[in-house]
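Accompanying notes for the structure given below.
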Amino acid sequence: MAKARVLGNYRIVVTPNIFISIDIARACERLRDAIRAHVVGFASCEVHFDTADVCSFCGKPWLLTTNVDGDDVESCCEENLKEFMADGEGD
Ligand SMILES: [Zn+2]
């Protein structure tokens, strides 16, 4: 029996120009609306995105962990660690 490859799950991926706006979510919605208004022949056109937790101080992936005793704290940056300690969480 010979293996044959068939195509499925057809989709077109549209990548917004991230330099158009700093509000990338709004830029994606406007692009979606433009496609819906001016393009025919599609079943759906929706905005999907992933989320990630980042530190509001340094912009790096969120990192704030303590060991079991709570006396060893690992943080993405000094500012985040200072806020953690100031909130009394580090006591
Ligand atoms: Zn940070």
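Quick notes on this structure:
- When residues of the stretch 69-86 are limited to those that are more than 9 Å from the ligand (Cβ to nearest atom) and loosely packed, with under 13 Cβ neighbours inside 10 Å, the one farthest from Gly59 (Cα to Cα): Asp69
- Test: residue in the stretch 22-40 that is of a type outside the set (D, E, K, R), assigned to a loop (DSSP other than H, G, I, E, B) and surrounded by 13 or more Cβ atoms within 10 Å (Cβ to Cβ): no
- Criterion violated by Val47 - all others in (1) of a type in the set (A, V, I, L, M); (2) loosely packed, with under 10 Cβ neighbours inside 10 Å; (3) part of a loop (DSSP other than H, G, I, E, B) satisfied: (2)
- Among residues of the stretch 50-68, those that are within 13 Å of the ligand (Cβ to nearest atom) and surrounded by 11 or more Cβ atoms within 10 Å (Cβ to Cβ), counted: 8
Each reported figure results from applying straightforward, stated rules to the coordinates on display, with no laboratory input. Remember, predicted model here, so these are calculated numbers, not experimental data. Don't worry about glycine lacking a Cβ; one is built from the backbone with ideal geometry, like all the others, and counts go over all protein chains shown.
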